[in-house]
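Beneath this line is the structure, given in structure tokens, with notes to follow.
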């Protein structure tokens, strides 16, 4: 499985085979390096260009819509690198330390030395707790999309999509195109927020117009679009049966058996934390993120970031950032690199970043919801802790920092290590403690990044480490 | 903005020792300031394994340990929460006959100390603790020992101290302590100047510079225990488990997770922080799965470590300074401070009030390092050392 590095130095290690990881790998290979690419999925593409588990008759156009060409190109370009890099799919990098990575693959753990670490770890959905959000039948928007793309199935026979962010409309549109019954799209932002998109027209007219077209097609298909939705409750005894909300002072209710819910995305930053990267609060993402320069260098020499794992910017940015950061790695190694190309990529990334500002204004995060989370609502799913228990812990122990909240309430201590609940816990803590979100800190990451079996066997050192 | 405070007792270090001393002193009517460079209970006191165990301690610690033993069941009355304290019993396993002989010798040596140890043979073990795998020849059981949640207990003592009127100053590193005629002057982060009649040095792994600044150098080093926790499991592990001669230790918490400790972690670039090694964590996990067959299909969901102060003779330093009147030390618990700390807090309060305590602590005197340390003239360093504490 593992080939031989081209030099005596250990291989560069790329984590993630999505758009950022693929473009980074391509640029390193082009410069004569032989990276090791580790990815949790069985096939490359990341979340956005995730591939089918098995051929099922659907075309790329069916799967990826307007992005089909990009998906096909990425998959093909990565396949073309075969033999020139080492690629470990279905592998979990669960721990990092001092230039060595612990990677679980096929039930055993290998320790791999690396020289140059490029993290392209992507993002997952951000949510805030709602009554009923843990009922079977409620998926994140990303989860609903994976079900469709990867398994070719819908999350219900009458589906409601709820939340904020471009993904809300994209997934609803994809479900509609796939023939699923979409009962409604509930947008947490007022309709007026969408006028911000006009500011995005000069930057990326194609994207804005495509979004408008999707919205129009949803409407033409008779799907109700509701804006300024609040006070949302998901109802059901043992699974989703209905969704209720308030809008313009009026109560609404709709029966459904599947809900896709998400409030934009959050970066997967655990490995950057384990790698020792310095973090700082990022106001646009309302999150504490690893610091990086325009090229993608972190505070730790030899550790690089690209893609949504370092801050949400989308797939097109991820491709450019992956290539850009690979050029930085080459430059740092004293290898030839294309400085003009690097500058061009940075300029494109800056333009996309300006567009992100527009998107954030058009699809704002409903931070104010945190005030209204009922005490009985589950906040931490893994540890089964309610918002009321979290509030009680904050007040009993006088806590105003997120790791202390974890210590006294168990929030973020469970299987997901806070990947699902930490953003909501931070919002709740900031509100209860009367502080800004930027002042409550972030959960320190601990290995294992995801659960590993107690019987995990440690294998001998791999060739890649030689 | 500068701030001045005047109290009877300034306590450096808001771990379990410092915060239980603060609460006890407040109960005796003293005004107290509790200073911590970070958050109270966030270091060793809050991230340790959580064993509440007398069994296995050196015999000289047992009177103090017994005193603490009386505090644990009273936590709810004392700090408002029970801290998930469970008097489950502590079972120490022997892997071979030599280990068993060692357990027997210990049981005999401490027979008069009231631990009520019960030696259990292989068959008895199979009968009563069938969830323990093969390869264990016997054990020693201490029925009155147990375990608790360190995250809650240490933070709970600090919160109770605050409610009782202790001035709890977190994120307030003490940058210098000097002694003058009337008492002590402390300079702390945030332009805080604090005057006190007494100083308690309960700064854990960070305590040595304070002692040294008063002419009492100590061979305090650091250890980094390494912990693994599983996902929640069905209740199976009814007792707190240890092993003679080291190895792993394990307990099942109220929530169902099993906490397994063993091995040692490594410090990060910032030596205040540490993290388990990947291979060390795997060793703990594999050993746990081998010792407890019920864990063979369990998942480990989190590792952690902490920074603890350690002494070469594994006994803490507890007692008055030998150079400086009004200074009292309590640190260096060497990975075994959790159970004993609430008793130490009471003893420290007595030392402040009476200058002495009925609980024997002579073995923990800082003077035991006098001959081995290159000692400067007593007190000459006092008032001079402004070394910052991070």
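The values are calculated or read from the model by the stated rules, or taken from the named source; none is laboratory data. The structure presented is a predicted model; accordingly, all values stated were derived computationally and were not measured. In this analysis, Cβ positions are derived from the backbone assuming ideal geometry, glycine residues included, and neighbour counts consider all displayed protein chains.
A Cβ distance below 8 Å, combined with a sequence gap of six or more or placement on separate chains, defines the contacts here; from segment A:314-332, residues that are at positive phi reach residues that are part of a helix (DSSP H, G or I) and buried (at least 24 other Cβ atoms within 10 Å of the Cβ) in the pairs A:314/A:308.
For residue A:47, are the conditions met, namely being in contact with a strand residue (DSSP E or B) (Cβ under 8 Å, 6 or more places away or on another chain), closer than 30 Å to residue B:275 by Cβ and surrounded by fewer than 17 Cβ atoms within 10 Å (Cβ to Cβ)? Spell out the reasoning first.
Details: in contact with a strand residue (DSSP E or B) (Cβ under 8 Å, 6 or more places away or on another chain): yes; closer than 30 Å to residue B:275 by Cβ: yes; surrounded by fewer than 17 Cβ atoms within 10 Å (Cβ to Cβ): no.
For residue A:47, the condition - in contact with a strand residue (DSSP E or B) (Cβ under 8 Å, 6 or more places away or on another chain), closer than 30 Å to residue B:275 by Cβ and surrounded by fewer than 17 Cβ atoms within 10 Å (Cβ to Cβ) - is not met.
Taken over segment B:178-227, the residue count meeting the criterion of being in contact (Cβ under 8 Å) with a residue 24 or more places away in the chain and either more than 24 Å from residue B:38 (Cβ to Cβ) or over 24 Å from the mean Cα position of the chain (by Cα) (or both) is 21.
Going through (1) farther than 17 Å from residue B:50 by Cα; (2) facing chain A (nearest Cβ under 10 Å); (3) in a loop (DSSP other than H, G, I, E, B) one by one, residue B:255 falls short only on (1). When we screen A:189, A:224 for residues that are modelled with pLDDT of 95 or more, within 22 Å of the chain's Cα centre (by Cα) and more than 19 Å from residue A:145 (Cβ to Cβ), the only hit is A:189.
I'd like the full set of residues that are touching a strand residue (DSSP E or B) at 6+ places or on another chain (Cβ under 8 Å) and more than 12 Å from chain B (Cβ to nearest Cβ), limited to segment A:93-114. Listed by number, the residues that qualify are A:99, A:105, A:107, A:113, A:114. Among the residues examined, residue A:271 qualifies as more than 18 Å from residue A:402 (Cβ to Cβ), within 15 Å of the chain's Cα centre (by Cα) and within 14 Å of another protein chain (Cβ to nearest Cβ). Here B:288, B:349, B:330 are screened, and the one residue that is assigned to a strand (DSSP E or B) and touching a residue at least 60 places away in the same chain (Cβ under 8 Å) is B:330. If you scan segment A:25-44, which residues turn out to be part of a loop (DSSP other than H, G, I, E, B) and surrounded by 24 or more Cβ atoms within 10 Å (Cβ to Cβ)? Result: A:33, A:35, A:39, A:44. Residue B:216 fulfils the conditions (1) more than 14 Å from chain A (Cβ to nearest Cβ); (2) part of a loop (DSSP other than H, G, I, E, B); (3) surrounded by fewer than 24 Cβ atoms within 10 Å (Cβ to Cβ) except for a single criterion, (3).
Within segment B:51-72, the set of residues being buried (at least 16 other Cβ atoms within 10 Å of the Cβ) and in a loop (DSSP other than H, G, I, E, B) comprises B:53, B:54, B:55, B:56, B:57. Scanning segment A:229-285 for residues being over 19 Å from residue A:368 (Cα atoms) and assigned to a loop (DSSP other than H, G, I, E, B) gives a total of 14. Could you list, in sequence order, all residues of segment B:281-338 that are farther than 16 Å from residue B:207 by Cα, crowded, with 24+ Cβ neighbours inside 10 Å and away from every other protein chain (no Cβ under 11 Å)? Of everything in segment B:281-338, just one residue is farther than 16 Å from residue B:207 by Cα, crowded, with 24+ Cβ neighbours inside 10 Å and away from every other protein chain (no Cβ under 11 Å), namely B:338. If you check B:233, B:237, B:243, B:227 for being closer than 20 Å to residue B:133 by Cβ and within 11 Å of chain A (Cβ to nearest Cβ), only one passes: B:233. Here residue A:293 passes the criteria (1) touching a strand residue (DSSP E or B) at 6+ places or on another chain (Cβ under 7 Å); (2) without any contact (Cβ under 8 Å) to a residue 60 or more places away in the chain except the one numbered (1). Scanning segment B:73-92 for residues that are crowded, with 19+ Cβ neighbours inside 10 Å, closer than 25 Å to residue B:246 by Cα and touching a helix residue (DSSP H, G or I) at 6+ places or on another chain (Cβ under 8 Å) yields a count of 2. Is it the case, given these coordinates, that residue B:261 is away from chain A (no Cβ under 11 Å), part of a loop (DSSP other than H, G, I, E, B), touching a residue at least 60 places away in the same chain (Cβ under 8 Å) and touching a helix residue (DSSP H, G or I) at 6+ places or on another chain (Cβ under 8 Å)? No.
Of the helices (runs of 4 or more DSSP H) lying entirely inside segment A:347-466, the ones with 1 or more residues being free of Cβ contacts under 8 Å to residues at least 12 places away in the same chain and within 13 Å of chain B (Cβ to nearest Cβ) are found at A:387-397, A:402-409.
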